Amino acid sequence: MAKFLVLYGTTEGHTRNIASHISTVLRKKEHTVDLVDSAKYPSVLKKGEYDGVIIGASVHQDKYQSAVEEYVTVNSRTLNTMKSAFFSVCLSAAITDKEHYAEARKYISDFLKLTGWKPAIYESFAGALLYTKYDYFKRLIMKFISMKEGRDSDTSRDYIYTDWDRVTRFANDFEDIVLSDLSKKKEPV
């Protein structure tokens with residue numbers, strides 16, 4: 001079995017839910033998983049501490065949480081020597097046309113370029129409209145944006161757009177990468 005770090009940055013809590021789902025998928029397969037909020041984690045990752053690292057963050061005002069950006073920037077050299085994966089959470093991924101797909105992918109591309117990190121896999125998941133967790137002004141702004149995009153605008157409730165089956169496949173795909181790497185390391189030369 002393998003040891004994983006699932007580190008996330010979150011604003012309203014939905015990215016934590018996705019990270020928790022990934023952790024559950026891996027734990028059900030008897031892996032050891034440390035699920036950690038990036039805002040509470042030491043900045044230095046020790047080589048060999050984990051067999052695989054999954055990092056997730058959500059897009060807010062065109063950028064990810066600063067704690068995730070700092071963590072990845074500080075640890076990019078170590079991350080690039082091990083199996084790692086990144087997931088991005090944004091509302092652009094909820095709309096399936098080419099323009100929004102490209103926008104969701106550009107957030108990832110820009111982040112990886114900025115930090116120098118080269119994860120084995122990365123994915124963009126649709127996020128959520130958490131109207132009930134927003135302050136008054138953010139609720140109005142999100143409602144306006146949502147209406148403009150033809151999305152849900154009833155601010156008395158929340159809307160989850162995440163495709164949980166895709167999240168499960170992402171976790172399983174990364175597990176396969178890590179286990180394949182571990183078996184190669186154990187093969188006699």
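The values are calculated or read from the model by the stated rules, or taken from the named source; none is laboratory data. Quantities reported herein were computed from a predicted structural model and do not represent experimental measurements. Here Cβ is always computed from backbone atoms with ideal geometry, including for glycine, and neighbour counts include all displayed protein chains.
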Quiz item: If you take the residues of segment 113-135 that are at pLDDT 95 or above and more than 13 Å from the chain's Cα centre (by Cα), which of them is nearest to Asp176 (Cα to Cα)?
Solution: Ala120
Practice problem: Being on the phi < 0 side of the Ramachandran plot, assigned by TED's automatic domain parsing to the domain that holds His60 and of a type in the set (A, V, I, L, M) narrows it down to one of Leu140, Leu179, so name that one. | Solution: Leu179
Quiz item: Listed residues Ile95, Ile145; which is closer than 15 Å to Gln61 by Cα, among the hydrophobic types (A, V, I, L, M, F, W, C), surrounded by fewer than 18 Cβ atoms within 10 Å (Cβ to Cβ) and modelled with pLDDT under 90?
Solution: Ile145
Exercise. For segment 33-41, state whether one or more residues are under 25 Å from Lys186 (Cα atoms) and surrounded by 21 or more Cβ atoms within 10 Å (Cβ to Cβ).
Key: yes
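Would you mind stating whether Ala128 is more than 27 Å from Tyr41 (Cβ to Cβ), of a type outside the set (Phe, Trp, Tyr), touching a residue at least 60 places away in the same chain (Cβ under 8 Å) and in contact with a strand residue (DSSP E or B) (Cβ under 8 Å, 6 or more places away or on another chain)? Before you say what the answer is, go through the steps one by one.
Values: more than 27 Å from Tyr41 (Cβ to Cβ): no; of a type outside the set (Phe, Trp, Tyr): yes; touching a residue at least 60 places away in the same chain (Cβ under 8 Å): yes; in contact with a strand residue (DSSP E or B) (Cβ under 8 Å, 6 or more places away or on another chain): yes.
For Ala128, the condition - more than 27 Å from Tyr41 (Cβ to Cβ), of a type outside the set (Phe, Trp, Tyr), touching a residue at least 60 places away in the same chain (Cβ under 8 Å) and in contact with a strand residue (DSSP E or B) (Cβ under 8 Å, 6 or more places away or on another chain) - is not met.
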Quiz prompt | Single match in Asp176, Asp165, Asp181 (criterion: in contact (Cβ under 8 Å) with a residue 40 or more places away in the chain and in a helix (DSSP H, G or I)) | solution = Asp181
Self-check item: segment 156-182: number of residues that are surrounded by fewer than 16 Cβ atoms within 10 Å (Cβ to Cβ) and touching a helix residue (DSSP H, G or I) at 6+ places or on another chain (Cβ under 6 Å)
Solution: 1
Exercise. Would you check if Val53 is touching a Phe, Trp or Tyr at 6+ places or on another chain (Cβ under 9 Å), of a type in the set (A, V, I, L, M, F, W, C) and more than 25 Å from Lys113 (Cβ to Cβ)?
Key: no
Quiz item: Got a sec? Which of Ile22, Ile54 is in contact with a Gly (Cβ under 9 Å, 6 or more places away or on another chain) and either under 21 Å from Ser109 (Cβ atoms) or at pLDDT 95 or above (or both)?
Solution: Ile22
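Here's the yes/no breakdown for (1) surrounded by fewer than 22 Cβ atoms within 10 Å (Cβ to Cβ); (2) without any contact (Cβ under 8 Å) to a residue 40 or more places away in the chain; (3) not assigned by TED's automatic domain parsing to the domain that holds Ile22:
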| site | (1), (2), (3) |
| --- | --- |
| Gly52 | no, no, no |
| Tyr71 | no, no, no |
| Phe87 | no, no, no |
| Leu114 | yes, no, no |
| Thr132 | yes, yes, yes |
